[in-house]
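Structure first, then comments.
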Amino acid sequence: MQMTAIQDEDSKYLMHAYGRFPAALVKGKNATAWDVNGKKYIDFTAGIGVNCLGYSDPQWVAAVTGQAAQIQHISNLYYSPITIRAAKQLCAASGMARVFFGNSGAEANECAIKTARKYSADKYGPERSEIITLKNSFHGRTVTTLAATGQDMFHEKFTPLTEGFAYAEPNLDGVRSAATSKTCAFLVELIQGEGGVHPMDKAFVQELAAFCAEKDLLLMVDEVQTGVGRTGSFFCYQQYGIQPDVVSAAKGLGGGLPVGACLVNEKCADVFAPGDHGSTFGGNPVVCAGVSEVIRRVAQPEFLSEVQQKGNYLREKLEAMPEIQSVRGLGMMLGAKPVCGAPGKLASACVQAGLLVLTAKDVLRFLPPLTINRAEMDEGLAVLGKVLAAEA
Ligand SMILES: *Cc1c(COP(=O)(O)O)cnc(C)c1O
């Protein structure tokens, strides 16, 4: 099919929720993708941090297709050994106590929010239900996770939103002054991804953890983008020297299958009783076969140290480009601020030239597959260098 015909049918049959780059991708191998016309692209996006093992990793494909051929879905009315295995691996990799599986990052955060409200209502009564998030945060697109998102621009067209959220500046004074007797929890990203790749200050995060512990406020970390090896540790909080009460994960967790997970510590392990929460697809066997393979590979010290090394390499090469002003982020979650040119326009030029990149606010954002190899990085960086030089 011709590209214009694809665009016409997309526009005819799909709701116009997205702006798309003019590339129809149909095939991939590790960090390389091909479009319908056979044009090749180096992928620095991993489908927005999802394909952590790259495109169509053979062992991941075998795990997922093997499970599909055994039994694809059973509902949560019965026990699922593969789901239990994935949850056990997730607990071992994180030090958390229990897991609830849903289908997306927003749903993982919805589960975190319900956990916080129920924990607090059980212990202190229903008045203590407010959750504080940070300004410039992003927590999802459902009506409640939009309310949790600390950016007005996401709220405007969809009011009234769920009540019970307040937004704090990311510093100790900010969180102290936002907290009231009604506060039950904080929900924070350690690196704000959609907000422009802004890492939180380590001292602030540790002060926040101490403040939460002192007031029995739940510390909930949204690791939907930062989790599953992305920053060079299995979860980003492991580099911040804190142990959260609740962690949400999604994006990279299934290696390309839709999954979200809400992890809780011992303190919150028994917040839910049967009937309090649920999901038809949550913990689906095929998806959990993908999750299990992802964790088996990513939660290895050698794999994680390679992520750090590759992240450092990418960062050094980006910092050395004269058209890049500064680079932020951790591991393989990087944002590069161009000296001139709008990130969106540069990203379009990159796609044209054969490189997939993301943007976030004022930066070009890089979330390559964690398995990207040196040759793919060099090829992508060369395309980026040419595009930046031409646009400068
Ligand atoms: C992407 C993202 C979400 C939303 O995840 P979905 O799977 O799109 O619902 C939530 N929080 C953060 C930090 C994210 O990056």
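The values are calculated or read from the model by the stated rules, or taken from the named source; none is laboratory data. Keep in mind that this is a model prediction, so the values were computed, not measured. All Cβ positions, even for glycine, are placed from backbone atoms using ideal geometry, and neighbour counts span all protein chains on display. Calculation scope for accessible area: heavy atoms of the full protein, side chains included, ligands and nucleic acids excluded. Shrake-Rupley method; radii C 1.70, N 1.55, O 1.52, S 1.80 Å.
Testing the spin-label approximation: label points 7 Å from Cα along Cα→Cβ at Glu163 and Ala353. State their distance in nm.
Distance between label points: 5.3 nm.
Give the peptides 27-34, 289-296, 203-210 in descending order of average Cβ contacts within 10 Å, highest first.
Numbers: 27-34: 18.9, 289-296: 25.2, 203-210: 17.2.
Sorting 27-34, 289-296, 203-210 by mean packing, highest first, produces 289-296, 27-34, 203-210.
Calculate how steeply helix 58-70 sits against the longest principal axis of the alpha-carbon atoms of the chain, using the helix alpha-carbon long axis, and give the answer as 0 to 90 degrees to the nearest 10.
Taking the Cα atoms of the chain, the angle to 58-70 is about 60 degrees.
If you count the DSSP beta bridges with both ends in the chain, what percent of them are antiparallel, to the nearest 5? Working shown, then result.
Working: 31 of 48 bridges.
Beta bridges within the chain, antiparallel portion: roughly 65 percent.
In the chain, what cysteines have no partner Cβ closer than 4.7 Å?
Result for the chain is Cys52, Cys91, Cys184, Cys212, Cys236, Cys268, Cys288, Cys340, Cys350, no neighbouring Cys Cβ within the cutoff.
Say each of Arg374 and Lys27 gets a label point 7 Å from the Cα, pointing the same way as Cα to Cβ; how far apart are those two points in nm?
2.8 nm
Counting only DSSP beta bridges with both residues in the range 71-298, what percent are antiparallel, rounded to the nearest 5? Don't skip to the end; give the middle numbers.
On the way: 11 of 26 bridges.
Antiparallel bridges make up about 40 percent of those DSSP assigns within the range 71-298.
How far is helix 202-215 tilted, in degrees, relative to the longest principal axis of the Cα atoms in the chain, given as a value from 0 to 90 rounded to the nearest 10?
20 degrees
At 1.4 Å probe radius, can you tell me the per residue accessible area of the range 71-298 in Å²? Walk me through the numbers before you get to the answer.
Numbers: 9230 Å² over 228 residues.
That works out to 40 Å² per residue.
At Lys12 and Tyr78, where each label point lies 7 Å from the Cα along Cα→Cβ, what is the point-to-point distance in nanometres?
For Lys12 paired with Tyr78, the spin-label model returns 4.2 nm.
Could you tell me which GluC sites (Glu not before Pro) in the range 311-385 are loop residues by DSSP with no more than 16 other beta carbons within 10 angstrom of their beta carbon? Before the final figure, lay out each step's value.
Working: sites: Glu316, Glu319, Glu323, Glu376, Glu379; in loops: Glu323.
Loop-located and lightly packed - none at all.
Give me the dipole magnitude in Debye, nearest 20, for the chain about the Cα centre, with unit charges on the beta carbon: positive for Lys and Arg, negative for Asp and Glu. Walk me through the numbers on the way to the answer.
Details: 36 positive and 39 negative charges, 103 e Å.
For this selection, approximately 500 debye.
Whole angstrom only: what separates the Cα centroid of the range 326-392 from the Cα centroid of the range 125-150?
31 Å
Where does each of 16-22, 106-112, 145-151 land if you order them by average Cβ count within 10 Å, highest first?
106-112, 145-151, 16-22
Return the FRET efficiency for the residue pair Glu316, Lys40: r is the Cβ-Cβ distance, R0 is 25 Å, and the value is rounded to the nearest 0.05.
Approximately 0.50, to the nearest 0.05.
Where does helix 285-298 land angle-wise versus the long Cα axis of the chain, in degrees 0 to 90, nearest 10?
So the inclination is approximately 80 degrees.
In whole percent, how big is the carbon plus sulfur part of the accessible area of the range 71-298, probe 1.4 Å, protein atoms only?
Details: 5000 of 9230 Å².
Looking at the range 71-298 in its full context, I get 54 percent from C and S.
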